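These notes are about the structure you will find just below.
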Amino acid sequence: MKAYKDMTKEELEQLKRELEQEFKTEEAKGLSLNMARGKPGASQLALAMPMLDVINSSSDMKTLLGNDTRNYGDLDGIGECRKLMADMMEVKKDNVIVCGNSSLNIMYDTVARSMTFGVNGATPLPCTGI
């Protein structure tokens with residue numbers, strides 16, 4: 001196909017008609033596409049359904065140390081979760097912190113604290129004000 005700049009007015013008009021017809025053909029299929037990121041399909045969601053029945057209101061919600069997990073655990077996270085993640089990352093449990101479920105909040109907090117207080121002895125960024 002020639003570059004648009006090299007086409008005559010008639011060639012551009014013909015191409016426009018062809019593309020409009022192609023668009024109408026696709027539009028007639030009536031597809032409904034959701035392009036949101038991270039949305040699992042119905043079959044993926046069905047895989048997780050049995051997990052919803054594992055814990056219920058009569059389940060024991062205590063850690064091995066006796067802490068009530070319904071109350072967020074310890075400051076550095078639920079020990080069993082830290083151990084699981086440490087094993088997965090092949091690090092010591094003491095080097096793992098389990099936070100809430102929002103990775104964006106954790107990243108924001110990390111950057112904000114780094115800018116405010118510095119990291120590993122580095123000087124924090126100066127506050128310039130607006």
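Read-outs: derived from the displayed coordinates by stated rules, not from any lab. Nothing here was measured: the structure is a model prediction, and the numbers come from that model. Reconstructed Cβ throughout: ideal geometry from the backbone, glycine too, with neighbour counts over all protein chains shown.
Brief remarks on what is shown
- With helices as the sole contributors, the chain gives -13000 deg cm²/dmol at 222 nm; each DSSP H run of n ≥ 4 counts as -39500 (n - 2.57), and the sum is divided by every residue.
- Dimensions (Å) - the stretch 90-130, Cα atoms, principal axes, largest first: 42, 24, 11
- Taking the C-alpha atoms only, the angle from helix 103-117 to the longest principal axis of the chain is near 70 degrees.
- The equivalent ellipsoid of the stretch 61-117 has semi-axes of 23, 15, 9 Å, largest first, where each one is the square root of 5 times an eigenvalue of the Cα gyration tensor.
- Contour minus Cα-Cα distance for residue 2 and residue 75 (0.36 nm per residue): 19.9 nm
- Selected from 54, 64, 38, residue furthest toward positive end of dipole (the stretch 1-72; charges at beta carbon): 64
- The orientation-averaged shadow of the Cα convex hull for the chain, equal to a quarter of the hull surface, comes to 19.3 nm².
- Given +1 at the Cβ of Lys and Arg, -1 at the Cβ of Asp and Glu and no other charges, the dipole of the stretch 61-117 around its Cα centre is 60 debye to the nearest 20.
- Spatial separation of Cα centroids for the stretch 65-120 and the stretch 40-59, in angstrom: 25 Å
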